[in-house]
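Report on one structure; see the data block that follows.
The values are calculated or read from the model by the stated rules, or taken from the named source; none is laboratory data. Predicted, not measured: the structure shown is a model, and the values here were computed from it. Reconstructed Cβ throughout: ideal geometry from the backbone, glycine too, with neighbour counts over all protein chains shown. Side chains are part of the model used for accessible areas, which takes the heavy atoms of the whole protein and leaves out ligands, DNA and RNA. Shrake-Rupley method; radii C 1.70, N 1.55, O 1.52, S 1.80 Å.
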Amino acid sequence: MSTLITIKEKLWSDLDVEATLDAPIGRMTWYETGGSAEVLISPKSSNALQLLCKRCYESEIPVRVLGSGANLLVADDGIDGVVIRLNQPAFQETRWNDSQSDTPTRIGAGADLMGLVTESARRGFSGLSQLAGIPASIGGAIRMNAGGTYGDTAQSIHSIEILTMSGEFRTIAATELNFGYRQCAIPAGIIIAAHCNLCASDPIALRAHVKEVFEYKKRTQPMSDRSAGCMFKNPIDPSTGKRESAGKLIDLAGLKGKTSGGAFVSDKHGNFIGLHASGCANDVLALAIDVQQQVFEHSGIQLEREVVIWSQRGAFQ
Ligand SMILES: Cc1cc2nc3c(=O)[nH]c(=O)nc-3n(C[C@H](O)[C@H](O)[C@H](O)COP(=O)(O)OP(=O)(O)OC[C@H]3O[C@@H](n4cnc5c(N)ncnc54)[C@H](O)[C@@H]3O)c2cc1C
């Protein structure tokens, strides 16, 4: 064990956490590729998480949060610092509002979005069905304001609880978060929970809506490829001032099916960069850069990456 790790271990050795050194986090993402994190820590309580964050902050050790890894690519040579995962029961609990009270439903940030979409429809609560088929933790869905044709995450958020990097708990109203297309203005920190306005609704109609949204996704997107969803945000076309489909621009540039090593532009949806089992993170990065350049040459529009990339040197950011 390196001296660096020995020093860092003092950060969590007395805390109620599970820690894995040299953790293969790349393989935990939907790309199933990429390097390791120096340490992956799953805190078992808010108190343990708070103390860990405070200590990392005081020691200037970088902290990152891993959700379900569906919008993330980890560079092949891995990353240093601490990666936190909220996959213990303390961060996955859902407290459903009862129909008599106006209290929003509280959902732990580590909860699985797809499971919640199904469970909320079963219980007869509307507010999440527009997100059917999107792989995410609640924290990741809020951070990215995940969504699509049928709506986004922001529309049911009442407020969120976060832990700032210096270890302070705060509750922030949705109105202060400036949710926009695939973005929001969350201060640096870890989302701990969301309070969602879910309304009583007909479970049969809700289940039909979930099915409709899910089937639309399956029809239009390569859901079984190893990918991180859409690689690029839909850009604003300067000539119209409206968002243009990045997938359409990639298609018009003739890039569907293009490959780089084990990475390929999906034939089904040009904005998905898939990866064969033989490929690596660098193949995806190289292809994404190539696609960006060729779309710019073809349309004059600069694509902005949606997928988050974690790398040692901050390259490709
Ligand atoms: C097959 C497929 C289909 C997809 N379809 C869609 C779609 O239709 N619409 C869409 O918007 N996206 C889609 N995506 C992308 C992805 O599902 C979303 O971006 C999702 O919100 C990512 O959530 P996550 O928990 O996996 O976050 P991760 O990928 O783990 O992390 C993404 C970012 O969020 C941060 N983060 C995660 N948890 C927290 C937390 N608790 N606090 C603070 N920051 C946090 C991470 O640090 C990182 O910066 C798709 C992905 C795949 C693989």
Volume per residue that the Cα convex hull of region 1-143 spans, once the total is divided by residue count, Å³
117 Å³
Relative intensity, log₁₀ I(q)/I(0), of the chain from a Debye sum that treats every alpha carbon as a point, q = 0.08, 0.10, 0.14 Å⁻¹
-0.38, -0.60, -1.15
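Once the convex hull of the C-alpha atoms of region 197-277 is built, how many Å³ does it hold per residue, rounded to a whole number?
It comes to 144 Å³ per residue, whole-number rounded.
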Considering amide H positions built from the backbone, and no H for Pro or chain starts, which residues 5 or more places from Ala23, or on another chain, come under 5 Å of its amide H?
Ala37, Val39, Leu40
Computed FRET value (nearest 0.05) for Gln302 with Ile204, which takes r as the C-beta separation and R₀ as 45 Å:
0.50
Between Glu18 and Thr175, what length comes free when the chain is fully extended (0.36 nm per residue of separation minus the Cα-Cα distance, one decimal in nm)?
53.0 nm
In the chain, which helices (entire DSSP H runs) extend 24 Å or more along their own long axis, judged by Cα positions, while averaging at least 0.0 on the Kyte-Doolittle scale?
281-299
Between region 220-274 and region 105-141, what is the separation of their alpha carbon centroids in Å?
26 Å
Where is the GNM fluctuation largest for the chain (alpha-carbon springs, 10 angstrom cutoff): Asp152, Asp14, Asp22?
Asp14
Distance in Å, no decimals, from the C-alpha centre of region 32-79 to the one of region 276-309 is 25 Å
Carbon/sulfur fraction of accessible area - the chain, other protein chains in place, 1.4 Å, %
49 percent
Let me check I've understood the local charge: for Phe91, count other residues with C-beta under 12 angstrom from its C-beta, Lys and Arg +1, Asp and Glu -1. What total comes out?
0
Give me the net charge for the shell around Leu51: Cβ to Cβ below 13 angstrom, other residues only, Lys and Arg +1, Asp and Glu -1.
0
Under the Karplus curve 6.51 cos²θ - 1.76 cosθ + 1.60, θ = phi - 60°, whole-Hz ³J(HN,Hα) for region 262-269, x wherever Gly or Pro sits
x, 9, 8, 7, 4, 6, 7, 8
According to the Kirkwood expression over distinct Cα-Cα pairs, how big is the hydrodynamic radius of region 62-201, in Å?
15.4 Å
If amide hydrogens are placed 1.01 Å from N in the peptide plane, which non-local residues have theirs closer than 5 Å to the one on His158?
His195, Cys196, Asn197
At what distance in nm do the modelled label points of Ile236 and Gln155 sit from each other, each positioned 7 Å from its Cα along Cα→Cβ?
2.2 nm
Arrange the peptides 275-284, 56-65, 109-118 so that the one whose residues have, on average, the most other Cβ atoms within 10 Å appears first.
109-118, 275-284, 56-65
To the nearest 0.05, how large is the calculated FRET efficiency for Lys248 and Glu212 if R₀ is 35 Å and r is the Cβ-Cβ distance?
0.95
Given pairs Lys211/Lys258; Lys211/Lys268; Lys8/Lys44 and cut-off 29 Å on Cα-Cα distance, the over-length ones are Lys211/Lys258
Taking Cα pairs closer than 8 Å and at least 6 residues apart, the relative contact order of the chain in percent is 16 percent
In deg cm²/dmol, rounded to 500, what helix-only [θ] at 222 nm does the chain give when every DSSP H run of at least 4 residues adds -39500 (n - 2.57) and the total is split over its residues?
-8000 deg cm²/dmol
